Every structure is written in structure tokens, then in C-alpha cells.
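Contents: one structure, followed by commentary.
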Amino acid sequence: MQSFKQYFNAGSGLRSKIFMVLFTVLLLTMSSTVLAGGDPDMDPPLAPLPDYPSIPTDNPSGKNVYPSKMDKKQDLGYLLFFDPKISGDTGISCADCHDPKMGWGFADPISRGYPGTVHWRNSQTAVNSGYLNKIFWEGGTTSLESQAPAAAEGALAGNGSKDMMESRLRFTPEYVKRFKDVFGTEWPNIEHAYDAMAAFERWLSQTDTPFDRFMKGDKNAISAKAKKGMELFQGKANCFECHNGPMFTDEKFYDIGVADPPEFLEEGINQVSFRYQNYAKGSTEESYRTAKSDHGIYFKQKRAEDRGKFRTAPLRYTKYTAPYMHNGTLFTLDEVVDFYDKGGEIDRWGNKSKIMKPLNLTKEEKGALVEFLLTLSGEEIRLPVPKVPDYAPMADWQPKK
Amino acid sequence: MKKGILPAMLIVTAVLLVSSAAVRTVAAADYPDIGPLPERKAPNPKTVELGKALFFDARLSGDAAISCATCHNSEQGFTTRMPLSEAYPGSKHWRNSPTLLNIVYKGKMHGWDGRLDDLDDMLRDMITDSMNMNMDMQLMQERLKQDPKIVALTKEAYGDKNMGTSQKGEMTHYVARNALIQFLETLTSKNVPFDKGALSEKAKKGMELFKGKAGCIQCHNGTYFSDVKPHNTGVPENPEIFNDPQRHFTYVAYMMFMGVDDRMNWRRDVGYYTLSKDRNDVGKFITPTLRELKYTAPYMHNGVFGSLDEVIDFYNAGGGQDRPGMKDPAVTPLGLTAGEKEALKEFLLSLSGDPVAFEMPKGVTVEYQPLPDWKNMKN
């Protein structure tokens, strides 16, 4: 700062004044561009997905994705993903809320939950989750290794306890053998189970959509209509403002003004889950007593300006993941496009993003946009449901010590 | 063997024999006397009504599949007829379900290994433990707040109190546990021959043996018929625990939860060792009450004995086997005659009263209705 002042003081009065005016204009221009976020060049460009997600050094696995052959760890994770031993009452597995037949998500607006409960948000697809840095609608976990326990042990999801789930694995000879093979341990360890599931989910990636092929040079991979949609996506419709980069998400947080789902008004069990989440996630008493809409990332830091904000959803595989939004209130991609065309539904807390405004899209433009969105999904990924292994009395297969 | 050691060992053995013979002569006066149960202050009927409703309410378990009454059946002496108890779905218990009758008189060390200090602790543990009801207490609270009947009952019973909330008369998990304790207050012996002083001649003879030759009073003493302390009597293991992988892994999960070492290799129920982590405490269990045992077969922490006769034979033989030094020295062969065993049994049966008569609460459901005007009401 000292040298900055010296530089100006050294010059003649007039010259430094002209320079300062020009400099200020330049600064204002730059900052207004940043604030408005209107310049597409400032955002990561749309791009094909890398061949495989980045793999953490503390949980190495193969650099391969669907449909190539899984390595041993991925294959173990595949089996665990479908095994209800990873839950409180062995009544539900990961694949029950992330069902291959429902886009590896769940086809109700609000996901099913642990038996005796319902969840309170829409279930998101597991496909391509390995490319995300922020997971869950609040973006609250930063790795698949930490997502798995949050789901397996959450009261509305798996409701499992580590002790019980780990013990079940230890009395399943098939798992004892396979965990030893993959992790080198005498007995299965629940944290390793989560690692294997994460490795499987990284494998569960789709990198050869029409969009990816188009971006890699196959000019005929998408239709002329989709190309028009892609132009709108990055221009007039301004989707790109938040849905950018190869995963079509900036992983930032916005209130886009989604309406409340009718379930919370009409279903007693949904009201139970709603209040429970408001209580268990930690709210002020005032907030708990009055909450009727999902507060989103407010729960993290309890800042009023965070109410109603959620992490931008990725748009890949959306052909198979209806209904849409954190509460599943929009059932088709057409409804989603109409929602944005209106500039959102509701501004509950004055937090609605300034980005949300009416788009005045024509019917043809909306059609083109949907056509483009559909190019972000390839063939549906269906895997056979594996037969989960049985328990056996320890005396049958372990020598007594 | 070095010269001189053998005579020394003989002396030690002789001393041990003499001292164990001394223990055999039980002086009943050394122990808190048995006697009728003292009266307790009658609980508020409204809190009892709420507690009773909750006792039968499956919404208190994680997947809404079981209630307290599943393992503490009101028609089976508030226990079950099975040697080893039911547990939360997806697991199986490795211990016998103890009766809840007269539990309000116990005062401490609940559970067979005595890990739970008071009834509030006991209830918290039963509701939240993964092998019991696997429930998130905050979710339970919200489930109960969804039921207008429970909400109204709570207002009536706790309208002047706020427990864990700013609102008087609001249902919270504190209130739920308190109401359950008030309900347990009602589960006490009624019309017990022993308490009324209405013993047959044979039973009186049995009482004499109980306090004397049979030495039962060494551990089963006081009005609750238990010293509420851990003892190892050498009860044989129930092989079912280790033959059934679901029971075995439930037990291993419990040992993990309690921080027990070497948990993959234990092939016996370590009992009080779970708490003390002292190897001398392996196989010790808290003395159970003998009241209402007419309704609570099978017996022992693992239900290995199906009848009172088996139990009496077990003690008559000096208890079971364990490694040297592990078993309680109070348990020695008794030399009871067939007639004495009959008398003892007669006395034991006189400790049970009328079955606790019971009307099941009506309208227990796991369904939830939407609250009217939900959008505008305060949560």
C-alpha cells in the first residue's frame, strides 16, 4: 500500500487524477460484472465428464466406470448397496431409496424412509454422485465416504447403528472373506463397508451421454433442436448461471422459490418427519414453533439469509429421476422449464435469488430446452439385484480360540 | 515340587474347607430380613393412563413394529415364556426378559448386568438401544405430538409441568419416560400370601429352609427378595446364543457398545464384567427378585431352567461349574431332602400374588392423522 501511494504522489496532479478516474471506472466495470454474474465466461464452461471421478487417496479403487467390469472393492460395494443388513431392522437397503428402477433415486415427491417413517426431501440419484463435491440438498457432506454413514444411520433413512451393522457383517462368512480380500482385515469393519459403497458409487457413472459425445466432436450426437436448446440454456434462459461445468451445477446455494409440497399439509406422517428434522437439526425455539417450509441450509449456521436455500442440483441423468426439486413438487421436465419461465413460484423469506426472473420463452424455445436437457442422459443403467449373503453360526466356519 | 510346599498347601486347603463350612451355617440375622413390601404413594391416575397407553404403543420403536409389551407381555408376568427374549427386528436377544413386576422397588442396577442406574436410565436405554427399540427419542416425541389423544392426555396429566420444553403440558420424551415410570408404579404385587402372613405349614417350613439350611437369604433378601448385587452362581451357558448367529451378533454388538475387549472370542455371557472390566466379575449377574416367579418362567439370565424344580435342584447341587475362584462362595451343596425341596418350592410360590389384572388400552395405532390447520398452528 505504501508503494501504491508513493506511485501516485510521484506523478503530476492532473496525470494522477486522470489515472485514478480511469482506474475507478475499470474497477466498477469488473465488480458489476461479478455481481450480476451475467458474463458466461466467468463460469466453468459446459464440458464432457472426465473419464472417471477423482478418487481419494485414502480409498483407492479402479479408474473405471459403468459398464466396465467392477474391481473387487467396487463389487463389494455393489453387494452392500443392496444389502438390508446395512439398516436398523434389516428392512431397507441403500437401493430402496436409490432404486435402479427409479433412476437410482425414488419416484415419489418425498422419498420413502425407514420403515415406520417417511423422509422429508426428494431422494437424489446415485448416478454420477462421484463427481460432486457437495452431497445432499444442503451440500452438507463432501465425500461419498461420509454420505454413506449419514444415510445408513439417519433416523428417517437407514436408522442403523454402527455396532449392530458391523456385527452382522462379521457373522456373514461371505463378507468376512471379501472384506479380508479387499481390505486385509481379519473382521469386516463398518467404515470399510462405507468405503466400498463409495467406490461402487464412483463406478456408477455415465460418461457417454449424447451431450458428452457432442462435446467430444460428434456433431450429429444431438439434434438441431437440442443445439438450439443448448444455446438458450447458456443465453436467454440463463440456466447456465447456476447449472454449469461438466456436472451442470455450481454447487452453490440458492432460494429459487419452489412451492411447498402438499404432503406436509395432508399427511400426518410427513408432519411428524418435518417437525423432527426441524428439531433434530437444531433450530431456535421460534424457528421450530413456526416452521412450515423447508429451511434448507439455514440449519447449518442459523442465518436468516440462508433460509430456503439449497445446493444447485446436477442435471445429468434427469431423464430418469422425476419428480424434481428438493421436495419433488415438479413432475416433468416441462413443468421445470415452465417454473423457471415464470421466474419461480414464491418468495417466502426475501431470499429468492435475483437470478430468478421471468424468461418469456416461446413454446418452441421451451421444447428446445427440454430436448437439450434430455441429451444429458444416456441409456438407463439397470443392474441385476444381487443375492445378499446369509449369516452362519460362527462355530460352523471359525475355529474356536 | 520343593520340600515344604506340600504341607503348606495342605494347611491352606484345610483353612479353606473350614471357612467354607462356616459360610454354610447361614445366620439369617446377617442379612436384611424378608418381609411384606412397603406401601408406595399412589401415582396420579392421569399420568398412569398416559404411561399405560405408551407402554403398548409401537410408535415408541424405530420401525413402529414393537412396543414395551412385546418383550414384557402383560399376560405373561410382564416377561415372555421364551428362554431368550425377543429383540428389535433384525436382531435377537441373548438374555431372558426380566419381569417388570415390582421393579419400582429395585431402586438401582437395572438389567441382568446392572448397567442402568435408575428407571429413567433404564427406559432411555430400552427405547434407544439398537437391539431393543432402536428409536430416536426426538422422533418419538414428534410422533406422539401427532396424536391428538396423547396430546390431550398429556395436557391433563402434566398441565402444570414443563419437562424439557417451555410449554406446560407439552409432550416431550422426558414426559414420556416419566409417564412410563408412573405406570410401572402400578405393576406391584397384589394379595401375596407371604405379605398377608397366610403361609401354609409347608410354606413356613420352606421359609425356615430359605433363611437357614438352603441359604437363599444370602442373596435373596430384603422385602424385594434381592440384594441387587452381582453374583456368579455358575449358571450354565445357553448354547442357543452361540448357535444362532443373530443372537451371537446381537451380543457382539452389545459388547462393542459397552467396550468389552476380545469380543469376537467370548463364548459365554460375561455379565457384570461388561461394566467392571474386572476378570473376576465374568459370569456375575444381578440377583433377581423372587416375587411373582409363578408367572415368570423360564428362569435365570439366559432362561436355561424351565421350572422351579430345576432351579432348586441346581442350587441343591451347589450351583454350576466355573473356573476355580469364580463362583460365589455362598453357593455350596445343600443336601436338601425331597420333602425339603417341596417345602422350599411351596414357600417360593407363596411370594406370588394375584395376576396383575389388566385392561388393554383401546385404539392403539401406528397411523398418523394430519393436524387440522397445520399451516397456521404452532408446532
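The values are calculated or read from the model by the stated rules, or taken from the named source; none is laboratory data. This is a predicted model, so every value here is computed, not measured. Backbone-built Cβ (ideal geometry, glycine too); neighbour counts: all protein chains shown.
Under the condition of being more than 10 Å from chain B (Cβ to nearest Cβ), surrounded by fewer than 17 Cβ atoms within 10 Å (Cβ to Cβ) and in a loop (DSSP other than H, G, I, E, B), the residues counted in region A:180-189 number 3.
Looking only at residues in region A:251-278 that are free of Cβ contacts under 8 Å to residues at least 40 places away in the same chain and surrounded by fewer than 18 Cβ atoms within 10 Å (Cβ to Cβ), which one is farthest from the other protein chains (Cβ to nearest Cβ)?
A:262
Reported count of residues in region B:246-260, each being more than 22 Å from residue A:90 (Cα to Cα) and either at the interface with chain A (Cβ under 9 Å from one of its Cβ atoms) or buried (at least 19 other Cβ atoms within 10 Å of the Cβ) (or both), is 0.
Does residue A:226 qualify as being surrounded by 18 or more Cβ atoms within 10 Å (Cβ to Cβ) and either assigned by TED's automatic domain parsing to the domain that holds residue A:144 or more than 30 Å from residue A:371 (Cβ to Cβ) (or both)? For residue A:226, the condition - surrounded by 18 or more Cβ atoms within 10 Å (Cβ to Cβ) and either assigned by TED's automatic domain parsing to the domain that holds residue A:144 or more than 30 Å from residue A:371 (Cβ to Cβ) (or both) - is not met. Here the helices (runs of 4 or more DSSP H) wholly within region B:261-379 that include at least 1 residues being within 14 Å of another protein chain (Cβ to nearest Cβ) are B:273-276.
Rundown of residues vs (1) touching a residue at least 12 places away in the same chain (Cβ under 8 Å); (2) touching a helix residue (DSSP H, G or I) at 6+ places or on another chain (Cβ under 9 Å); (3) within 30 Å of residue A:178 (Cα to Cα), yes/no style:
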| site | (1), (2), (3) |
| --- | --- |
| A:303 | no, no, no |
| A:309 | yes, yes, no |
| A:315 | yes, yes, no |
| A:327 | yes, yes, no |
| A:336 | yes, yes, no |
| A:342 | yes, no, no |
| A:381 | yes, yes, yes |
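Inspect region B:56-78 for any residue being in a helix (DSSP H, G or I), more than 21 Å from the chain's Cα centre (by Cα), farther than 20 Å from residue B:253 by Cβ and not hydrophobic (A, V, I, L, M, F, W, C) and give the result as yes or no. There is at least one residue in region B:56-78 that is in a helix (DSSP H, G or I), more than 21 Å from the chain's Cα centre (by Cα), farther than 20 Å from residue B:253 by Cβ and not hydrophobic (A, V, I, L, M, F, W, C). From the list B:107, B:169, B:159, B:164, the one residue that fits, being surrounded by fewer than 22 Cβ atoms within 10 Å (Cβ to Cβ), at pLDDT below 95 and more than 16 Å from the chain's Cα centre (by Cα), is B:164. Could you please find all residues in region B:68-109 being within 12 Å of chain A (Cβ to nearest Cβ) and of a type in the set (Ser, Thr, Tyr)? B:88, B:91 - these are the residues of region B:68-109 that are within 12 Å of chain A (Cβ to nearest Cβ) and of a type in the set (Ser, Thr, Tyr). Taking region B:35-63 as the range and being within 14 Å of chain A (Cβ to nearest Cβ) and buried (at least 20 other Cβ atoms within 10 Å of the Cβ) as the test, the residues that pass are B:57, B:59, B:60, B:61, B:62, B:63. Within region A:99-118, is there a residue that is closer than 26 Å to residue A:174 by Cα, in contact (Cβ under 8 Å) with a residue 12 or more places away in the chain, out of contact with any Asp or Glu (no Cβ under 9 Å at 6 or more places or on another chain) and within 14 Å of another protein chain (Cβ to nearest Cβ)? Looking for residues that are closer than 26 Å to residue A:174 by Cα, in contact (Cβ under 8 Å) with a residue 12 or more places away in the chain, out of contact with any Asp or Glu (no Cβ under 9 Å at 6 or more places or on another chain) and within 14 Å of another protein chain (Cβ to nearest Cβ), one finds none in region A:99-118, hence no. Counting only residues that are more than 17 Å from residue A:309 (Cα to Cα) and in contact with a strand residue (DSSP E or B) (Cβ under 9 Å, 6 or more places away or on another chain), region A:331-343 holds 6 of them.
Annotation: residue B:81 fulfils all but one of (1) in contact with a strand residue (DSSP E or B) (Cβ under 9 Å, 6 or more places away or on another chain); (2) outside any loop (DSSP other than H, G, I, E, B); the unmet one is (2).
Listed here are the residues, each with its yes/no results for (1) in a helix (DSSP H, G or I); (2) away from chain B (no Cβ under 14 Å).
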| site | (1), (2) |
| --- | --- |
| A:361 | no, yes |
| A:365 | yes, yes |
| A:370 | yes, yes |
| A:391 | no, no |
